[in-house]
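Peer 1: To start, I am sharing the structure in question, which I have written as structure tokens.
The values are calculated or read from the model by the stated rules, or taken from the named source; none is laboratory data. All of these numbers come straight from a predicted model, not from anything done at the bench. A quick note on method: Cβ atoms are made from the backbone with ideal geometry, for glycine too, and the neighbour counts reach across all protein chains shown. Heads up: the accessible areas ignore ligands, DNA and RNA and are worked out on the full protein's heavy atoms, side chains in. Shrake-Rupley method; radii C 1.70, N 1.55, O 1.52, S 1.80 Å.
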Number of protein chains: 2
Amino acid sequence: LRIALLGFGAVGRRFAELLPGAYGRALRVIGLRPLLTAIGTARHGFAIDPAGLDPAECLAAVVQGGALDALHRGPRVSSASAFIRALPADVLIEVTPLDPRKGEPATSHVRAALRRGLHVVTANKGPVAFARRELQALAARLGVHFRHEGAVMDGTPIFSLLERCLPGAEVTAFRGTLNSTTSLVLSRMEAGETARAALREAQALGIAEADPSFDLDGWDAAVKVCALANTLWDAALVPAKVRRTGIAGISRLDVQRALRAGTRLRLVARAERRAGRIIASVGPERVPLEDPLAGGGSHAALAFATDLAGEIGVFQLGGTVDQTAYALLSDLVFLAASSKSTRIGRASGRRKRS
Amino acid sequence: LRIALLGFGAVGRRFAELLPGAYGRALRVIGLRPLLTAIGTARHGFAIDPAGLDPAECLAAVVQGGALDALHRGPRVSSASAFIRALPADVLIEVTPLDPRKGEPATSHVRAALRRGLHVVTANKGPVAFARRELQALAARLGVHFRHEGAVMDGTPIFSLLERCLPGAEVTAFRGTLNSTTSLVLSRMEAGETARAALREAQALGIAEADPSFDLDGWDAAVKVCALANTLWDAALVPAKVRRTGIAGISRLDVQRALRAGTRLRLVARAERRAGRIIASVGPERVPLEDPLAGGGSHAALAFATDLAGEIGVFQLGGTVDQTAYALLSDLVFLAASSKSTRIGRASGRRKRS
């Protein structure tokens, strides 16, 4: 399994770190020998080596602030699109920084890689929120897979649970606390801190968006609502169509008043399908203390209303970059398992014939 | 897919009710035509008809307090073991009332059906807690499946999530509020009710064990801990080996004192694997309000600590008999999907040849 990484920030690096160890073992168990053949970055250049890159060498190069180019073999590559065109890989892992307003450049990267007949795994919510239907259709046409477990709640199984664990049941609605920054900020305000101090904490933890207004104004949550709704209902909902209220107008007094009433203010993301239409919203709500959505600072929770299985849900206690990297691994295992007789097999077949 | 039901209480009846409608549709989607060929009960007799029973007729017979025998065709059957020997079925659904102290008679039923080469699906926690390793080995030897999604938290995907959604990751420990009766009782005591009144409510809701001391003394939770630990770690832990403290000694004062300290008393079931050994316990704990295990009355939650995916979990908001019946359906879909080339296919092949 020849793997290319586009994006080499915290998540990409963690993935590369674990590839020779735990992740490699998990892939070998299902009969795959992983080989990292390319890494593309905006700040550290590009490295492609069909014979395989050494993850440790790549990590050392970028940690020291240097470029990856010294590890590159073959014709020089100087843009993400040229990188994708040149990839000697079976799967592209897309983990570039996202402009959450547009879902780019991730969506373009995913599209280009699928068009080339590569499987794509991403932890980016953008492509799923802005273009899932188009990208899945493209993948299906070319017999490859597009997977995105990490788009919502890091490595917590959400998309795989919906795909594999609720046979015969339909999700009719969902609600969740999908943005950890706002949960943390509101939690800290309950304890008397200012929103500004809490936001600094979220930034220090690395859970806030690069521009934290995307968290506070509900945009990040709206993008995730679209990622979920589009996957659940094969829809084409876009974030601008989600009714959205942020938490900027919320004071410590509001938060503490809610708490005295036995509730917690949380930014709740919701969607439901009613008569074929999807109604989606993001906004602060008073959540009863005993509801799983009223979890503490960095907890995230997502509840699904179903027709046959009642209301069930999934939670995550304190996600870090480790969990997002795990989402990439789990997607690799799934696509390999479902592709054994298709793409990956065919690719090796082609190589043998040529 | 010829289905036999052993046990026709609330769960079995709900399953039979939904079989002609929603459940049948879910099975036909994957290419199976379900046929209910037998129902066995302790109080309403036995009915076997290789050509298929009408679920509505069976329901009408027992609702009126009558016997099923009038619907029976062929030689008379008068015991569960004779019933299992005579079954014209591909799969037995085992939903008899359980003696949680011994895991019987469910364990014997499952064993007998597997020995006959039938798939078995159960919502009974007993066989998984008391004999999972033996029963899985037996099923594997005979090329059939033994599935038990409903054993813990009704239809919430627990066993299927662990089996299908955490590839490459290992669960190192878990903790959960697995007994709804004690959660409800402790919840109501927070609000000032007596334990006795709360217990009556749990009985009215149908969530309490027939003998509620099995709930209050932690035995039900201990049985579920074993079901989970045995499945997760292919172990043979028995309920008597689980360190167990019930909630009988807990007063309203204790509960309210915990609440004032920002926590909730809950009966928490725990297990972890340390150096190959499993350490398991059930007992009241003060759970911080923001923890998903501190959910309200009839909520249940289960958190898994994993090596690669962090701490994640699953919750259920207010389970009823509908969700337990759904667990049976989901198991049928899974076993059909993984048996297409094995047992069910072979059985039809044999029928054609004979």
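Peer 1: For the stretch B:69-88, state whether one or more residues are free of Cβ contacts under 8 Å to residues at least 12 places away in the same chain and hydroxyl-bearing (Ser, Thr, Tyr).
Peer 2: yes
Peer 1: Then there's this: What's the number of the condition A:Pro88 fails, among (1) surrounded by fewer than 18 Cβ atoms within 10 Å (Cβ to Cβ); (2) part of a helix (DSSP H, G or I)?
Peer 2: Failing condition for A:Pro88: (2).
Peer 1: Looking only at residues in the stretch B:290-305 that are open to solvent by less than 10 Å² (accessible area, probe 1.4 Å) and in a helix (DSSP H, G or I), which one is nearest to the other protein chains (Cβ to nearest Cβ)?
Peer 2: Here the answer is B:Ala294.
Peer 1: For the stretch B:209-228, indicate whether the set of residues that are more than 22 Å from the chain's Cα centre (by Cα) and over 23 Å from B:Leu302 (Cβ atoms) is non-empty.
Peer 2: There is no residue in the stretch B:209-228 that is more than 22 Å from the chain's Cα centre (by Cα) and over 23 Å from B:Leu302 (Cβ atoms).
Peer 1: Just to verify a result, which residue in the stretch B:267-289, among those that are in contact with a helix residue (DSSP H, G or I) (Cβ under 7 Å, 6 or more places away or on another chain) and either within 14 Å of chain A (Cβ to nearest Cβ) or without any contact (Cβ under 8 Å) to a residue 60 or more places away in the chain (or both), is farthest from A:Ser183 (Cα to Cα)?
Peer 2: Here the residue is B:Ile278.
Peer 1: Within the bounds of the stretch B:29-39, is there any residue that is of a type in the set (S, T, N, Q), under 21 Å from B:Leu328 (Cβ atoms), under 23 Å from the mean Cα position of the chain (by Cα) and part of a strand (DSSP E or B)?
Peer 2: yes
Peer 1: Collect the residues in the stretch B:114-136 that are open to solvent by 30 Å² or more (accessible area, probe 1.4 Å) and under 19 Å from B:Phe334 (Cβ atoms), keeping them in residue-number order.
Peer 2: Within the stretch B:114-136, B:Arg132, B:Gln136 qualify.
Peer 1: Kindly evaluate B:Arg266 against the criterion of being at pLDDT 95 or above, open to solvent by 40 Å² or more (accessible area, probe 1.4 Å), in contact with a strand residue (DSSP E or B) (Cβ under 6 Å, 6 or more places away or on another chain) and among the basic types (Lys, Arg).
Peer 2: So B:Arg266 fails the test.
Peer 1: Let me ask something additional. Does B:Ala235 satisfy the condition of being surrounded by 15 or more Cβ atoms within 10 Å (Cβ to Cβ) and modelled with pLDDT under 95?
Peer 2: Yes: the conditions hold for B:Ala235.
Peer 1: Among the residues of the stretch A:57-74, how many are part of a loop (DSSP other than H, G, I, E, B) and of a type outside the set (A, V, I, L, M)?
Peer 2: Adding up the residues that qualify gives 6.
Peer 1: Considering only the stretch A:201-263, give the helices (runs of 4 or more DSSP H) lying wholly within it that have at least 3 residues that are closer than 18 Å to A:Thr181 by Cα, in contact (Cβ under 8 Å) with a residue 40 or more places away in the chain and not acidic (Asp, Glu).
Peer 2: Fully inside the stretch A:201-263 and qualifying: A:219-233.
Peer 1: Another one. In the stretch B:40-56, what residues are in a loop (DSSP other than H, G, I, E, B) and of a type in the set (Val, Ile, Thr)?
Peer 2: Correct list: B:Thr41 only.
Peer 1: Okay, next question. What about B:Gly126, is it at positive phi and touching a helix residue (DSSP H, G or I) at 6+ places or on another chain (Cβ under 8 Å)?
Peer 2: So B:Gly126 fails the test.
Peer 1: Failed condition for A:Glu170, given (1) open to solvent by less than 10 Å² (accessible area, probe 1.4 Å); (2) of a type outside the set (Phe, Trp, Tyr); (3) closer than 18 Å to A:Ala303 by Cβ, with all others met?
Peer 2: (1)
Peer 1: For the stretch A:321-333, give me the residue count where each residue is open to solvent by 10 Å² or more (accessible area, probe 1.4 Å) and within 7 Å of another protein chain (Cβ to nearest Cβ).
Peer 2: 3
Peer 1: Can you go through A:Phe174, A:Phe146, A:Phe159, A:Phe130 and tell me which one is at pLDDT 95 or above and more than 30 Å from B:Phe159 (Cβ to Cβ)?
Peer 2: Going through A:Phe174, A:Phe146, A:Phe159, A:Phe130 in turn, just one is at pLDDT 95 or above and more than 30 Å from B:Phe159 (Cβ to Cβ): A:Phe130.
So that you can scan it fast, the table gives a plain yes or no per residue for (1) β-branched (Val, Ile, Thr); (2) surrounded by 22 or more Cβ atoms within 10 Å (Cβ to Cβ); (3) touching a Pro at 6+ places or on another chain (Cβ under 7 Å); (4) more than 13 Å from chain B (Cβ to nearest Cβ):
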residue: A:Glu163; (1), (2), (3), (4): no, no, no, no
residue: A:Ser180; (1), (2), (3), (4): no, yes, no, no
residue: A:Glu190; (1), (2), (3), (4): no, no, no, no
residue: A:Glu193; (1), (2), (3), (4): no, no, no, yes
residue: A:Leu199; (1), (2), (3), (4): no, no, yes, yes
residue: A:Gly206; (1), (2), (3), (4): no, no, no, yes
residue: A:Ala210; (1), (2), (3), (4): no, no, yes, yes
residue: A:Phe214; (1), (2), (3), (4): no, yes, yes, yes
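Peer 1: Can you run down the residue pairs with Cβ atoms below 6 Å, 6 or more apart or on separate chains, where the first is in the stretch B:177-197 and within 12 Å of B:His299 (Cβ to Cβ) and the partner is in a helix (DSSP H, G or I) and open to solvent by 20 Å² or more (accessible area, probe 1.4 Å)?
Peer 2: What qualifies is B:Leu178/B:Lys224.
Peer 1: Condition test on B:Thr156, is it within 14 Å of the chain's Cα centre (by Cα), within 14 Å of chain A (Cβ to nearest Cβ) and within 30 Å of A:Val29 (Cα to Cα)?
Peer 2: yes
Peer 1: Give the residues of the stretch B:6-36 that are at the interface with chain A (Cβ under 10 Å from one of its Cβ atoms) and surrounded by 22 or more Cβ atoms within 10 Å (Cβ to Cβ), sorted by residue number.
Peer 2: B:Tyr23, B:Ala26
Peer 1: Do we find that A:Gly313 is small (Gly, Ala, Ser), assigned to a strand (DSSP E or B), closer than 23 Å to A:Ala129 by Cα and open to solvent by less than 40 Å² (accessible area, probe 1.4 Å) in this structure?
Peer 2: Answer is yes for this residue.
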